[in-house]
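Read the structure below first, then the notes.
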């Protein structure tokens, strides 16, 4: 069972989040502010944090920044009434993994939490499996039975990203920013070049396919 810390100063919202998460099968640890949350983390194993921003004693920005400065990579989902772009930007800059605004949709909240937990598991194991195919992050190797292909770094990162979120569409710009970096002078056509190389490499593999979505970008489709 996953353990989720809910740091929220409004008692009604805290209780609501607790009920939603418990009903979904998570173990919930409530805290009224950042200081209480830190205290809980000293005694409990926490897999993910659902975090409000505007809290007394220690707000969500300060709490997140403190955790990241200490080297913690625990997934954080900020859920806040603050809806301005600069609020969200500040949240991501201090280290949150995702951001939702209140009022929130319960189903979307649970889907985002599930995605963050899956992403954290992939990152910690540094290995991804699709049926008989496995991707080893440290060696940039794709393995299927006795066959192993060592990919160039960018090709591997691109494939790993797409297969980590099967069915999710990524734009060329999103892939450029994450894999080549926001400051890269490489044009977004390089994504297309790398996608075509990956398709050629794995065209005979029945386990997955990289699909173009007209006008949007690319997604990976698992077939096993």
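Listing for the model above:
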item: R0 of 25 Å, Cβ-Cβ distance residue 168-residue 207: FRET efficiency to nearest 0.05; result: 0.90
item: With Cα atoms, 0 to 90° folded angle of helix 153-164 axis to the chain main axis; result: 60
item: FRET efficiency for residue 23 and residue 121, using Cβ-Cβ distance with R0 set to 25 Å, rounded to 0.05; result: 0.70
item: Cα pair count fraction exceeding 26 Å, expressed as % - the range 3-124; result: 9
item: Fraction of antiparallel bridges per DSSP, the range 23-136 only, in percent to nearest 5; result: 35
item: Rg/Rh for the range 76-146, where both radii come from Cα atoms and Rh is the Kirkwood radius; result: 1.15
item: Alpha carbon convex hull of the range 126-222, projected area averaged over orientations, nm²; result: 6.0
item: Stretch gain in nm, segment residue 68-residue 216, where the contour uses 0.36 nm per residue and the Cα spacing is subtracted; result: 50.0 nm
item: Fraction of beta bridges assigned by DSSP in the chain that are antiparallel (%, nearest 5); result: 55
item: Inverse of mean 1/r across different Cα pairs in the chain, Kirkwood, Å; result: 19.3
item: Principal-axis tilt of helix 34-43 within the chain, Cα atoms, nearest 10 degrees; result: 70
item: Degrees separating the helix 60-69 axis from the principal Cα axis of the chain, which is the longest one; result: 50
item: Added length on full extension, which subtracts the Cα-Cα distance from 0.36 nm per residue, residue 102 to residue 83; result: 6.0 nm
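Quick note: the coordinates plus some simple rules give every number you see, no bench work behind them. Keep in mind that what you see is a predicted model, and the values were worked out from it rather than measured. Note that each Cβ is placed from the backbone with ideal geometry, even for glycine, and that neighbours are counted across all protein chains shown.
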